[in-house]
1. When the residues of segment 227-241 are narrowed to those that are crowded, with 16+ Cβ neighbours inside 10 Å and either modelled with pLDDT under 80 or under 15 Å from residue 179 (Cβ atoms) (or both), which ends up nearest to the chain's Cα centre (by Cα)?
2. Of the residues 171, 152, which is surrounded by fewer than 20 Cβ atoms within 10 Å (Cβ to Cβ) and not in a loop (DSSP other than H, G, I, E, B)?
3. Can you pull out the residues in segment 182-208 that are over 17 Å from the mean Cα position of the chain (by Cα) and buried (at least 16 other Cβ atoms within 10 Å of the Cβ)?
4. Can you run down the residue pairs with Cβ atoms below 9 Å, 6 or more apart or on separate chains, where the first is in segment 142-167 and at negative phi and at pLDDT 95 or above and the partner is of a type in the set (Ser, Thr, Tyr) and not in a helix (DSSP H, G or I)?
5. Quick check on segment 19-35. Is at least one of its residues over 20 Å from residue 125 (Cα atoms), at pLDDT 95 or above and of a type in the set (S, T, N, Q)?
6. Which condition from (1) within 15 Å of residue 194 (Cβ to Cβ); (2) in contact with a His (Cβ under 8 Å, 6 or more places away or on another chain); (3) surrounded by fewer than 19 Cβ atoms within 10 Å (Cβ to Cβ) is the one that residue 104 breaks?
7. Looking only at residues in segment 109-125 that are under 20 Å from the mean Cα position of the chain (by Cα) and free of Cβ contacts under 8 Å to residues at least 60 places away in the same chain, which one is nearest to residue 93 (Cα to Cα)?
8. If only one of 176, 170, 113 is closer than 21 Å to residue 222 by Cβ and out of contact with any Phe, Trp or Tyr (no Cβ under 7 Å at 6 or more places or on another chain), which one is it?
Amino acid sequence: MSNFASQRHDCANRIDLALQGFLTPRKLSGSGIAPDILVEAIRHGVLNGGKRLRPILLIQSAAIFSISEKQATRAAMAVELVHCYSLIHDDLPAMDNDDLRRGQPTVHKAYDEATAILAGDALLAHAFELLSHSDCHPDPQVRIDLVAELAKASGAGGMAGGQSLDLQGEKTRFSEKQIEQMQKMKTGALIYAAVRMGAIIGGADEKQLLSLSTYAQAAGRAFQLADDILDLTASTEQMGKTTGKDAAAKKPTLVARIGLKAAKRHLGDTIHTALSALMMFGPKADDLRATARFFGDRES
C-alpha cells in the first residue's frame, strides 16, 4: 500500500469511528426517541464501507491552513451524511433503481422504500445539526457559512437539481455542455463544497478560496468522468455496485458522447487543471494533489 493509500485508509477509518459514535439512538434522538428500525437503516446506509473521499477532501483542504483533522472532523462528517443520504435516495426504484451499493443490498432492499426515504431525510437533517453546533467551530459566522455552503451544494441548484437533470437526460438528448452542467451539479457540487468548507474553517482569503474552488471544480469533473469510464470497464465486484447500467438506461455521459479513448484523454487534462490550481500553496497542498491523481487512477 502506498503512503497516500495508507493515509487515506487511516483517515477514512477515523471518520468511520466518528460516524459510528454519532449514529446512535441516543445521539439521533431529539424531542422524541429515534426509532430503532430507522437508526438501523441509517447505519446500514452509512457504515457499510465507502471511501469517505468527500470528508477526506475537506480535511485535506483545512490542513493547508494548519487546521487539525480533529477540528475539521465534525464538518467532514456532515458532508458524508449528505453524500450517504443522496446515495440512499438515488438507489430508490423511482430514481436509479439499484439493488447493490458498496457490495451490500441498498437500504430499500435491506428494509423497504419508505424506511429508505426516511433514512435519507434524517441524514440530511442531522448533517446540518452537526454544522450548527459550537463543537464544529467556535465562531457562529463560520458555522453559518458552512451551513450555507453545504445547503447550496445539496439543493435545487446543486446535487438534487443534478439528479433531476440526470433523470431528464434519459428521455432527452443532452449536448456535451448540458451533460457537463448536470454532472457538475449531481456529483461535482458536493466535492466542490467539501473543499471550500475546509478552506472556510481555515479562514482562507479570497484568492486562496478561488484557487481551491478551481481545484474542486476540476476534481469533481475528474471524479465523475472516472466513474463513467469505470461503469463501462470495471466489473460489478470491483465497483461494489451494478455496472453497465448507465449505458443500458441511455443515461447522458461524456463517455457515451465522445467515446472511451477521448474520455480518458479528457480525464488526464482535467486532473492537470486541478493540480495546476494548487500552485500557490506549494507542498502544503500535496495531499489534495494526491487525491486528484487518485481520482484518475482509481479502479473502483
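1. 227
2. 152
3. Those that are over 17 Å from the mean Cα position of the chain (by Cα) and buried (at least 16 other Cβ atoms within 10 Å of the Cβ): 200, 201, 202, 204, 208.
4. Pairs found: 143/134.
5. Within segment 19-35, not a single residue is over 20 Å from residue 125 (Cα atoms), at pLDDT 95 or above and of a type in the set (S, T, N, Q).
6. All conditions pass for residue 104, except number (1).
7. Of everything passing the filter in segment 109-125, 117 is nearest to residue 93 (Cα to Cα).
8. 176
The values are calculated or read from the model by the stated rules, or taken from the named source; none is laboratory data. This structure is a prediction, so every number in the text was calculated from the model and none was measured. As a convention, Cβ positions derive from the backbone with ideal geometry for all residues, glycine included, and neighbour counts pool all protein chains shown.
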